[in-house]
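J.: Okay, handing you the structure first.
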């Protein structure tokens, strides 16, 4: 039986599945799914940083006038941009020389690569989804700047998106601390109202199992529990005001739960949160050429991703913490 061109099979298998991998990452995470629905997943094509435009002030020229009053036309600097570092992730798919010999038929090789790709796909998906909740310091600062960075427990310190929160008050998220979960409804009412500006308000609340159970129990006690399985969202949700409340977590890396930190809820206005993968590095093979281990009988291809999670309106994001 003719020995198949493993490089071609390896590369084309990854290329054929690239879109599926990216879609699976999106469809299995409530935050990414919501951003996809709102058109907040936008690729970028280059540059030293990812720039996310934001409006930080009103136009000072606005005002009332009558008749021939002179209207102000002075420069009004109201638009700026937050800057985010391009983060990278990858997972190698490896096949040894022995496995190539043992799976010499093209169909056998494709079956083997499909199995390897399934593992690589779930591994990279878990890596990225875990990163969405990180503070960006993992792996020596190489991890995504996730919700722990965008919506921290102390919003008055630190730099996020190259903007100093201690200096610029518009760049601070809202916080509601609680000594326990028994006052969760009152706490959430306060936090939600602090995040409303006209039609701008929280549309997605991500919480862990403790927060979910505390809120569900509070609703059941008052017979105001609403259970919706939103077909257009794809996640089982309950409502707080008109925001979807989602239990976001799960088994990660064998035993560790990935998702929202313990006894925390992120109140998100996803109009101002963006997922920014690079247009040329969104779950694609890094090279179509052969990659050999220098001291092993093995061939490798690497699935790569680059980008970051960005925010253009930190003041519209909130965090409830029941650990205070």
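J.: Across the stretch 261-285, what is the total count of residues that are assigned to a strand (DSSP E or B) and more than 19 Å from residue 211 (Cα to Cα)?
T.: Of the residues in that region, 13 qualify.
J.: Scanning for something surrounded by fewer than 19 Cβ atoms within 10 Å (Cβ to Cβ), touching a helix residue (DSSP H, G or I) at 6+ places or on another chain (Cβ under 7 Å), modelled with pLDDT under 90 and over 21 Å from residue 41 (Cβ atoms), does the stretch 295-309 turn up at least one residue?
T.: Yes, that holds for at least one residue.
J.: Given 98, 32, which one is in a helix (DSSP H, G or I), touching a strand residue (DSSP E or B) at 6+ places or on another chain (Cβ under 7 Å) and modelled with pLDDT of 70 or more?
T.: 32
J.: Check the stretch 83-92 and report whether any residue there is touching a helix residue (DSSP H, G or I) at 6+ places or on another chain (Cβ under 8 Å), modelled with pLDDT under 70, closer than 22 Å to residue 272 by Cα and surrounded by 15 or more Cβ atoms within 10 Å (Cβ to Cβ).
T.: no
J.: Sort out which residues of the stretch 144-164 are within 20 Å of residue 268 (Cα to Cα), part of a loop (DSSP other than H, G, I, E, B) and touching a residue at least 24 places away in the same chain (Cβ under 8 Å), and write them in order of number.
T.: 144, 145, 146, 151, 152, 153, 155, 161
J.: Could you tell me whether residue 47 is exposed (fewer than 13 other Cβ atoms within 10 Å of the Cβ), at positive phi, part of a loop (DSSP other than H, G, I, E, B) and modelled with pLDDT under 85?
T.: Criteria not met by residue 47.
J.: Same structure, new question: Scan the stretch 110-125 and give yes if some residue there is in a loop (DSSP other than H, G, I, E, B), under 28 Å from residue 31 (Cα atoms) and within 15 Å of the chain's Cα centre (by Cα), otherwise no.
T.: For the stretch 110-125, residues in a loop (DSSP other than H, G, I, E, B), under 28 Å from residue 31 (Cα atoms) and within 15 Å of the chain's Cα centre (by Cα): absent.
J.: Going by what's in this entry, would residue 277 be described as closer than 24 Å to residue 135 by Cβ and at pLDDT 90 or above?
T.: Judged against the criteria, residue 277 is a match.
The values are calculated or read from the model by the stated rules, or taken from the named source; none is laboratory data. Given the structure is predicted, the values throughout are model-derived calculations rather than measurements. Using ideal geometry, Cβ is built from the backbone for each residue, glycine included, and neighbour counts are taken over all protein chains shown.
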